[in-house]
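The values are calculated or read from the model by the stated rules, or taken from the named source; none is laboratory data. Note that this is a predicted model, so its numbers are computed, not measured. Neighbour counts run over all protein chains shown; Cβ positions are idealised from the backbone, glycine included. Accessible surface is based on the protein model in full, side chains and every heavy atom, while ligands, DNA and RNA are left aside. Shrake-Rupley method; radii C 1.70, N 1.55, O 1.52, S 1.80 Å.
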Amino acid sequence: MCDRQVNSLSVGRVIVATWHPQETIVLETIRQMGLELQVILNKGAVMVLPSGINKATGLAAALDEMQLSPENVVGIGDAENDHDFLNFCGYSVAVANALPTLKERVDFVTNGSRGDGVIELIEKLITSDLAEFGH
């Protein structure tokens, strides 16, 4: 996509990513090439993934391999790409700086933002095993 003037393009084994406002060019290119891909937004990041692949499908595959249930998972997130993932988890948490739409749909919202919220969750899990969370 470099010939289409997409800046800051990162390419991995499964994901291609760039930043807003490049999503228009990315969607246009996907449409023109007839590719079966999806665009996932993540707080300014624009990620291109194979259709049907997201954090929830990745977690499902990992849990299947480990023979664990999603009911045993506490998930934490902050952005658009966390909705399906957190819905899949047995207990969902958003950090304080998460998008409002995400905070509305989770079981618990931390007082701390970013890493501080993750630390808060870990400390509560160690000391209470979710008892303080009402679960």
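Summary of computed values
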quantity	calculated
Positions within segment 109-135 being touching a strand residue (DSSP E or B) at 6+ places or on another chain (Cβ under 8 Å), open to solvent by less than 40 Å² (accessible area, probe 1.4 Å) and modelled with pLDDT under 95, in sequence order	Leu130, Phe133
Checking Ile25 against (1) within 13 Å of the chain's Cα centre (by Cα); (2) surrounded by fewer than 17 Cβ atoms within 10 Å (Cβ to Cβ); (3) on the phi < 0 side of the Ramachandran plot, the condition it does not meet	(1)
Scan of segment 71-82 for residues that are open to solvent by 20 Å² or more (accessible area, probe 1.4 Å) and closer than 18 Å to Thr110 by Cβ, ordered by number	Val73, Val74, Ile76, Asp78
Subset tally (residues that are farther than 11 Å from Cys89 by Cβ, surrounded by 15 or more Cβ atoms within 10 Å (Cβ to Cβ) and of a type outside the set (S, T, N, Q)) for segment 53-70	1
Among the candidates Val93, Val106, residue that is closer than 23 Å to Leu41 by Cβ, open to solvent by less than 60 Å² (accessible area, probe 1.4 Å) and not in a loop (DSSP other than H, G, I, E, B)	Val93
Set Glu104, Glu120, Glu80: member being more than 30 Å from Glu23 (Cα to Cα) and of a type in the set (Asp, Glu)	Glu120
Total residues in segment 32-44, condition closer than 14 Å to Ala79 by Cβ, open to solvent by 40 Å² or more (accessible area, probe 1.4 Å) and either touching a Gly at 6+ places or on another chain (Cβ under 9 Å) or part of a loop (DSSP other than H, G, I, E, B) (or both)	1
Flag for Leu63 being of a type outside the set (Asp, Glu), at pLDDT below 95 and out of contact with any His (no Cβ under 6 Å at 6 or more places or on another chain)	no
Residue within segment 8-31 that is over 27 Å from Val95 (Cα atoms), in a strand (DSSP E or B) and at pLDDT below 95 present	yes
Segment 48-73 residues that are assigned to a loop (DSSP other than H, G, I, E, B), paired with ones that are not acidic (Asp, Glu) (beta carbon under 6 Å, 6 or more apart)	Ser51/Gln38; Val73/Cys89; Val73/Gly90
